[in-house]
Each structure stands twice: as structure tokens, then as C-alpha cells.
């Protein structure tokens, strides 16, 4: 990303995004938001762009929430499996030491 930012177009509006993010990543994210807004607009012909943007943001926030919940489940499962493995290893080591 240059100091001048990255030019993107979302739902017919041009934006300059400034910050430290990778230029290609910013463009991919902008494209995803644009796609989400366009898909919503197909089902809501009388909605304003602002309403479509809010609904797109809610949809994307829901997706993020689902991904975070799945990640937490996987981390909890990994913690349980690691704990069980450590208990098994400690029990086997205890049995070997007792010989």
C-alpha cells in the first residue's frame, strides 16, 4: 500500500483506503463487500445504498462470528486432545518408571 492509499470501488462508489494493509488484500476485501452488496440489491430493489451497506455489514459480521465460533470449538477440541495425550504419556512413563 502506498502512502496515497489504495483506490477501490464498492457498489459504484470510489474509495481511497489508507493504512498498513496489503494492497491486494484491500482490493480483495473491497471486492467481497461489493459482491455482497450487489447480491443483496438483487433481492431488495427499493433499498437505499446505505441500507444495503448495513445489511452487507451484518451479513459479513455474522460470517465472522461463525468462523470465530468454529475456531474456538477447534481450539477447545485441540486442548482436550492434547490434555488426553499428555495424561496417556504420563501414565505410560509412570508405568515404565515403576518397573
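Data table
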item: For the chain, calculated [θ]222 nm from helices alone, where every DSSP H run of n ≥ 4 adds -39500 (n - 2.57); result: -26500 deg cm²/dmol
item: Which of 83, 31 has the fewest Cβ neighbours within 10 Å, and the rest in rising order; result: 83, 31
item: Label point distance in nm, residue 90-residue 78, each placed 7 Å from Cα along Cα→Cβ; result: 2.1
item: Inter-probe distance in nm under a simple model that places probes 7 Å from Cα toward Cβ, at residue 42 and residue 7; result: 2.9
item: 65, 59 arranged by Cβ crowding within 10 Å, fewest neighbours leading; result: 65, 59
item: Rounded tilt (10° steps) of 49-98 against the dominant C-alpha axis of the chain; result: 10
item: Amide N proximity, the range 8-40 versus residue 59 label position 7 Å along Cα-to-Cβ, cut-off under 17 Å; result: 10-13, 29-40
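Computed from the coordinates by the stated procedures, all read-outs in this text should not be read as laboratory data. Source: prediction; values computed, not measured. Ideal geometry is used to build each Cβ from the backbone, glycine not excepted, and the neighbour counts take in all protein chains shown.
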